[in-house]
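Have a look at the structure below before the remarks.
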Amino acid sequence: MTTRTARAGVATALTVAGLTAAGLLSPAAPAFAAAAGEVTATVSNLSAANAQMAKYTLVKCPSTTPYITSATASAKTGEAEDQSYTHFSEFWQSVPDGSAQMAKVNFFNSQTFQEEAKYGPVVVTVTLTLTCSNMKPAGLPRPEFKQSVYVRGLSYGNLQVSCPSNYPTALEARENHPGWFLSYGATTAGRVGAASWYNPDEYVFGTADVTVACGP
């Protein structure tokens, strides 16, 4: 199975009218004190897509902490070579009064039916996680997109996440890896955030990841 470069997508913030009410999620974690006078909560939801399928994940902040302060969409597949089938196509934030209260990520699984029949099905799962606050932030948070990769023993691993044309700048890329990996660092160039690693252990594989924030 050949590896293709994964692409990440994010769309500009729209009004709440651009979002449907289906699939709203209640808080998944209890609120906790984050700063003087501030209460935060973490909420998340996930969806999965089979071959040639477009899906979305939608999350809403609870009424007690209605403002989004951070948003991260994380993609997961089974094997390293399957990462290329994940494509974040759009990211939406509702802006009813100048701050986002709910968010939605659209994604696509590009595995063809021929590849599915030959190599077996690949399921792309995307989890959208929001940090919500009772305090209105100064502006909309920048969405972040995360992917991970298995790196087998005595092997190199790399990931690239591309920003879309309407949000064409990779503002920041952060990488995370096991302690025994050799890391070559995370970089950004134009629309792309990337990182690469080498696993010097012959017998133990590990998982590394890249998180990229996109902007105008």
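Condition test on GLY78, is it in contact with a Phe, Trp or Tyr (Cβ under 6 Å, 6 or more places away or on another chain) and closer than 27 Å to ALA194 by Cβ?
So GLY78 does not fit the description; no.
Only one of PHE108, PHE205, PHE181 is open to solvent by 60 Å² or more (accessible area, probe 1.4 Å), over 29 Å from VAL43 (Cβ atoms), modelled with pLDDT of 90 or more and aromatic (Phe, Trp, Tyr). Can you tell me which?
PHE205
Need at least 3 residues that are under 26 Å from PHE205 (Cβ atoms) per element, so show me which strands (runs of 3 or more DSSP E) inside segment 80-169 make the cut, counting only ones lying wholly within it. Give the steps one after another, and end with the answer.
Working: elements: 86-93, 102-109, 124-133, 144-151, 155-162.
Result: 86-93, 124-133, 144-151, 155-162.
Does ALA194 satisfy the condition of being assigned to a strand (DSSP E or B), modelled with pLDDT of 95 or more and within 17 Å of the chain's Cα centre (by Cα)?
Spelling it out, it is not the case that ALA194 is assigned to a strand (DSSP E or B), modelled with pLDDT of 95 or more and within 17 Å of the chain's Cα centre (by Cα).
Give GLN114, GLN101 a once-over and let me know the one that is open to solvent by 20 Å² or more (accessible area, probe 1.4 Å) and without any contact (Cβ under 8 Å) to a residue 12 or more places away in the chain.
The unique qualifying residue is GLN114.
Identify all residues within segment 62-73 that are touching an Asp or Glu at 6+ places or on another chain (Cβ under 9 Å) and either open to solvent by 40 Å² or more (accessible area, probe 1.4 Å) or outside the structural domain of PRO137 (by the TED database) (or both); write none if there are none.
Passing the criteria: only SER70.
Can you confirm whether GLN111 is touching a strand residue (DSSP E or B) at 6+ places or on another chain (Cβ under 6 Å), closer than 25 Å to LEU58 by Cα and of a type in the set (S, T, N, Q)? Break it down into steps so the answer makes sense when it comes.
On the way: touching a strand residue (DSSP E or B) at 6+ places or on another chain (Cβ under 6 Å): no; closer than 25 Å to LEU58 by Cα: yes; of a type in the set (S, T, N, Q): yes.
No; evaluated as a whole, the condition is false for this residue.
The values are calculated or read from the model by the stated rules, or taken from the named source; none is laboratory data. Remember, predicted model here, so these are calculated numbers, not experimental data. All Cβ positions, even for glycine, are placed from backbone atoms using ideal geometry, and neighbour counts span all protein chains on display. Surface accessibility is based on the protein's heavy atoms, side chains included, excluding ligands, DNA and RNA. Shrake-Rupley method; radii C 1.70, N 1.55, O 1.52, S 1.80 Å.
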